[in-house]
Every structure is written in C-alpha cells, then in structure tokens.
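Encoded as structure tokens, the structure appears first; notes follow it.
The values are calculated or read from the model by the stated rules, or taken from the named source; none is laboratory data. From a predicted model like this one, the values you see are computed outputs, not experimental measurements. Note: ideal-geometry Cβ built from the backbone for every residue, glycine included; neighbour counts use all protein chains shown. Only protein heavy atoms, including side chains, enter the accessible area calculation; ligands, DNA and RNA are left aside. Shrake-Rupley method; radii C 1.70, N 1.55, O 1.52, S 1.80 Å.
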Amino acid sequence: MSWRKGGGDGGVSRRWAVLLCLGSFCLGLLFTNRMWTLPEANEIARPNDNGDKGNTLVAAECGPQKVQHHDYKDILRVQDTHHVLIGIFECFGCRTLDKTIASLETELSAARSLQESLLNGSPVAEEFKLSESIGRRKYLMVIGINTAFSSRKRRDSIRYTWMPQDKKTGEKRKKLEEEKGIIIRFVIGHSAISGGIVDRAIEAEDRKHGDFMRIDHVEGYLALSGKTKTYFATAVSLWDADFYVKVDDDVHVNIATLGQILSNHALKPRVYIGCMKSGPVLTEKGVRYYEPEHWKFGEPGNKYFRHATGQLYAISKDLATYISINRHVLHKYINEDVSLGSWFIGLDVEHIDDRRLCCGTPPDCEWKAQAGNTCAASFDWRCSGICNSEGRIWEVHNKCAEGEKALWNATF
C-alpha cells in the first residue's frame, strides 16, 4: 500500500487510514467488554493451585479497577479468617496462663496480707489464721529440743527425767499431746553426706522412740542460726500451736510450769519470752562467742541489743509464721540467740523477761521450789547448760522437779 495525498483508485488517503484504525480499536473494546466475564471469587490464585488458575489471576490483575477491588476484598476476608483462627488457639493458651498467674497472685497477696498483719496487728491476721486452722488441731506449745548426732546419752537422760515417755510404748507422750496439747520432739537435721552412718543411727533411734523431728538442715555447731530458723519454719507448718519453744538438750525443764508461764500470754499476738540479756560483743578471734560481724554493732566494747538467752526461749505463732515466710532473707549471725533477737528488731514485738526460765542448778532451783516458786528451766550459766548433764540432770530432776502429778493435773 502506498500513501497518497489525493484520492486515486489504487490508494487510501492518510485521513481514512487514521479513521479505520480508531474504528478497529473501538470494535475491539466493544468485543472485549461483551465476551470477557469477571472472575469469581473461587478463581483467585492460591499457592497450591495449578497453572490455569494462575493465568486467571494474571488476567484479573490486568482487568478493570473493579476486578482488582473484588480480589483484594476476598484476600482480606481470607486473612481475617486466618487471624481469627490464630486468635482462638492463642486464647486457650492465654486462659491457662491467666489462671496460673491469677493463682500465683492470690497466693502472693495472701502471704503479703499475712506479713502486713503480723507487722501492724490488723484483723486480717485473725481471718487468715481462722481459715488456715480449719481441720488442724490446736496445741498449746511445741517444744523442740535441739540435739546433735553425738548426744545420744543426753537424749536418754531427758527421756527418763523430765520428758514424759514410757520406756517402750511412748503412751505418756501421746497422752500429753492429746490431753494437754503439748508436743515434744528432739530436733535434728542430717549429715553432710545424707544417709551416712550417723543418719542411720538416728533413724534407728527414732523407730524405737518416735520422738524426733527431722528437718532439712546440715548439722554443725556453727550453723545453729540456720537450724533455729528451719526448726521454727518446719514446726509451724506441722502443728498449729500458740507457742513454739526451743530448748537445748542439756537443760532441765518443768513442763507444767512452762505451760503456765506461756498460757498467761496466750492472748498476745507477738510475744518473745525468755531470760533477756545484753552481753558484750566479743571482737577477739578465738574466744568463745566471738562475733565475726562485730563492726555492725558500733565501737569496740558495745553490747548486743536485748535478746533471750539461747538455752530456752519461746515465741508466739505469729512470730514463728513471720520467720517461716521470711526465712530466705533473714540474716544469720554466728550466735543463734543473737540471730533470733535481730529478726524481731523493727517489729511490734513484746519482749517478756521471765527469770523462771533460767534458774541455776541446785541449790538455786531447789530453794525456789521449796519456796513455792518452781523454776521452768534450770542450768549452769558457766557451762551454758547443765555441766556434765548426762549424769547431773538426774540430781537436778530429783531436787527441782515439779512432780509428775503437777503436769497431769495442770490446766492451761
């Protein structure tokens, strides 16, 4: 074809050529709009679809804006469904986690409430004690006798003097628990090598007498503060008592007199009972009762804060519970009686100094018994217990004991 300006028989003018092109383009658009139907929603391509559906997607993407809007709407709908399903699965996990968190928060709140009530004497403490004590018998006191692996003779001397116990059956001790509400146990931990010879010996002795309280503690003289802490925490978890008593295994005790002293303070929430003292802080290494942390108590020559002597002391249930809750953060000094006194500094605690808890051996306790002022505990100050207690405790018992009838006739 040749282009000519004029109109001859064998050619087409430029104007007509332009008009024919426009006409053909319009006819093509009309034909396309009538024959090309819009894709349905199920024609949207998915990752695992075949190649034909992929071609449909390409055609749809090249179509009018309306087709693109339709595709995006369906895709968003699929994505929303996916998110809802994920949310449902996550919700189940969240609910389980929420329940666990809520349970822990409740326990933590109860512990905090108890601790706060111990500090300020609020009525919350009474409510907590009421709910805690349901199903548990109430006792007057738990007496824990601090003993060691090597103190078998001391334990036997106590069993046959001031501790009510039959030689074989132990019925008297059980009767004391049931009728008088008094628990007595020898308190001991375990050796550094658990299950060793000394541990097996204690187990055999316990099978015979049944009067031990085993605690999670490694025995050692320099670890008495930790043992005292563990004893109170364990005892308060085992028995619901008004008082918890710690006594050494070389001290003579009159149980009825001790019970009368403690019962006079039963209505007080936070009491710390013993023979209060304030001895010097010893700074010289090598001497007995040396204090490695003496610098905390000020200048040399200073004295300790007031605290009960370690041979025998008693604390009320609220204080034993306080020790149990805070046992992981309570500081331990080398001397256990100092440690106990330090744990109560800053608390609203009533210190009760009763000299009947630290009488001397005969003739001191004997004269007082004859005068009607029976001692609750007797020992030698110079030995921090009864000197040679395995043999001499019999002498103390014969001259200073209150008598067996006093215990069984006592009312607390």
(request) Evaluate segment 397-409: report whether one residue or more is touching a residue at least 12 places away in the same chain (Cβ under 8 Å), under 21 Å from residue 217 (Cβ atoms) and touching an Asp or Glu at 6+ places or on another chain (Cβ under 8 Å). (result) no
Is it the case that segment 197-210 has a residue that's open to solvent by 80 Å² or more (accessible area, probe 1.4 Å), over 27 Å from residue 411 (Cβ atoms) and either in contact with a Phe, Trp or Tyr (Cβ under 6 Å, 6 or more places away or on another chain) or among the aliphatic types (A, V, I, L, M) (or both)? yes
Exactly one of 137, 152 is at pLDDT 95 or above, open to solvent by 40 Å² or more (accessible area, probe 1.4 Å) and out of contact with any Gly (no Cβ under 7 Å at 6 or more places or on another chain), and that residue is 152
Residue set 372, 403; condition farther than 22 Å from residue 291 by Cβ, modelled with pLDDT under 95 and open to solvent by 50 Å² or more (accessible area, probe 1.4 Å); output residue 372
Could you tell me whether residue 307 is closer than 25 Å to residue 229 by Cβ and either out of contact with any strand residue (DSSP E or B) (no Cβ under 6 Å at 6 or more places or on another chain) or open to solvent by less than 60 Å² (accessible area, probe 1.4 Å) (or both)?
yes
- Message: Scan segment 240-251 and tell me whether some residue there is open to solvent by less than 10 Å² (accessible area, probe 1.4 Å) and part of a helix (DSSP H, G or I).
- Response: no
Out of (1) more than 30 Å from residue 200 (Cα to Cα); (2) open to solvent by less than 10 Å² (accessible area, probe 1.4 Å); (3) out of contact with any strand residue (DSSP E or B) (no Cβ under 9 Å at 6 or more places or on another chain), the one residue 267 does not meet is (2)
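Let's see how each residue does on (1) under 29 Å from residue 325 (Cβ atoms); (2) modelled with pLDDT under 95:
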{"site": "182", "(1), (2)": "yes, no"}
{"site": "210", "(1), (2)": "no, yes"}
{"site": "220", "(1), (2)": "yes, yes"}
{"site": "230", "(1), (2)": "yes, no"}
{"site": "236", "(1), (2)": "yes, no"}
Test: residue in segment 215-237 that is open to solvent by 40 Å² or more (accessible area, probe 1.4 Å), part of a strand (DSSP E or B) and of a type in the set (Val, Ile, Thr): yes
